[in-house]
1. State whether one or more residues within region 240-259 are of a type in the set (Val, Ile, Thr), within 12 Å of the chain's Cα centre (by Cα) and part of a helix (DSSP H, G or I).
2. Just checking, does region 202-212 include any residue being in a strand (DSSP E or B), at pLDDT 90 or above and under 15 Å from the mean Cα position of the chain (by Cα)?
3. Do we have residue 341 as in a strand (DSSP E or B), open to solvent by 60 Å² or more (accessible area, probe 1.4 Å), closer than 30 Å to residue 403 by Cβ and touching a residue at least 60 places away in the same chain (Cβ under 8 Å) here?
4. Check region 292-305 and report whether any residue there is outside any strand (DSSP E or B), open to solvent by 40 Å² or more (accessible area, probe 1.4 Å), of a type outside the set (Lys, Arg) and closer than 28 Å to residue 206 by Cα.
5. Restricting to region 168-187, what's the tally of residues that are out of contact with any Lys or Arg (no Cβ under 6 Å at 6 or more places or on another chain) and within 23 Å of residue 261 (Cα to Cα)?
6. For residues in region 133-180 being in contact with a Phe, Trp or Tyr (Cβ under 8 Å, 6 or more places away or on another chain) and aromatic (Phe, Trp, Tyr), which is surrounded by the fewest Cβ atoms within 10 Å (Cβ to Cβ)?
7. Which residues, taken from region 195-210, are in contact (Cβ under 8 Å) with a residue 24 or more places away in the chain and buried (at least 17 other Cβ atoms within 10 Å of the Cβ)?
8. Out of all the residues in region 268-290, which are open to solvent by 60 Å² or more (accessible area, probe 1.4 Å) and either of a type in the set (S, T, N, Q) or assigned to a strand (DSSP E or B) (or both)?
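The values are calculated or read from the model by the stated rules, or taken from the named source; none is laboratory data. Just so we're clear, the structure is a prediction, and the values are computed from it rather than from any experiment. When we count neighbours, we look across all protein chains shown, and the Cβ atoms used for this are built from the backbone with ideal geometry, even at glycine. Surface areas here come from the heavy atoms of the whole protein model, side chains and all, with no ligands, DNA or RNA. Shrake-Rupley method; radii C 1.70, N 1.55, O 1.52, S 1.80 Å.
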Amino acid sequence: GDEPALRLTIKPDPDRFLGKVLGKLDMHAGADLALHWSSVTGLKVEGGVGLDVTIPIDRKLGPIVFEKLRLRARADSEDRSLRVEAGLTVHGELGPLAMTIAEIGATAALITASDGTGELGPFDLDFGFKPPTKLGFSVDAKVIEGGGFLGIEELDDGSRKYSGAAAFSLFEGALGLAAFGLVITGPDRFSMLVSVTANFTPIQLGFGFTLNGIGGLLGINRTLDPVALGEGARKGQLDAVLFPKDAAKDAERILGNLDAFFPELTGSYVFGAMVIIGYQKFIEARLGVVITFPTPLRIALLGQLHASLPKGEGVVRINLDVVGILDITAKRISVDAGLYDSEIAKFSVSGQMAMRLAFGRRREFLLAVGGFHPAFVPPDGFPALARLRLGADFGDYVNVGFEIYFAIT
């Protein structure tokens, strides 16, 4: 894993003088150690040692606040180098606009010269700019309020990953906008995924139906993963695509889901459109269609149903996610659905379903609502499903539940 085999944490005693001085200092060091013994070469030690120190500053200079300074150092035994990073986090406010820049600074590397003659005797010294790890901003004005962030991450292959999210409310909530983006750039690598949604005051469509929102999705060098998208539907996570519920507070999860649903694939493109349709103010359906082309050629229909009947009393509350995918390249159709956070007359309702249909040379069909008989062994790749369950709690000690399933193969 990524965790070092050995970790050292320094926590000064707050009752002593050193603790009073360094009480807010966050310092830890990690080491990955390997021991090798040979009758010819003897004992050899390999590994790297790292030091990570965060120093709180909390000093204000005009509209700018210097919040903290992070110092990182790592010794690498492979190229016999010492690398040091210094990153400063600052926060500033200018009228209704506030901005935070996290860990911007400089890097220095002391590297052993290959020929033994470097800038500093046997060493070379290299300085560089350290880009910030995150840029955050917020605005609070009469017409618009909201904010967002842009995260910057250096990947192992030398590429750089930009991930960002923003959410705004305009005209006292009459219009809400949310945007999410993932961009990866490198010498031989580029991909982009952008999602934009808008919620607004319902527009009457007639017969009690309203249009509550629209959205779009665009991906370059991205494709659609049926397995990840099906799992997202069964777990009730399609809001990452179909109008996130809390874009500002849940941005990290939403970006992670988008990255998993639409992974990188060179030469593939993704396009999607979404709408919100309401009925009588207590039923809302969020619908979307996503196409990935040219290869693989896949069409996905996504849906979320949120219902509360009658309005305000919560006698019936239904939350359902469903996705159907037509994979023209692989000649397969899949459907996945999940029922969550639902109740009927104080009885909780939950469960999952999945369907798989292959119409190529190898024909197969499986449909399961709540799973299979325990003695049946489904084919590889078919997901494990939670039973369809109706349950109720009577106090702290009594719970009654009914579980059922239905399956055709």
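1. Yes, region 240-259 has at least one match.
2. No - not one qualifying residue is present in region 202-212.
3. yes
4. Scanning region 292-305 turns up no residue that is outside any strand (DSSP E or B), open to solvent by 40 Å² or more (accessible area, probe 1.4 Å), of a type outside the set (Lys, Arg) and closer than 28 Å to residue 206 by Cα.
5. Result for region 168-187: 8.
6. Per the stated criteria, the residue is 137.
7. Within region 195-210, 195, 197, 199, 200, 210 meet the criteria.
8. 269, 271, 279, 280, 287
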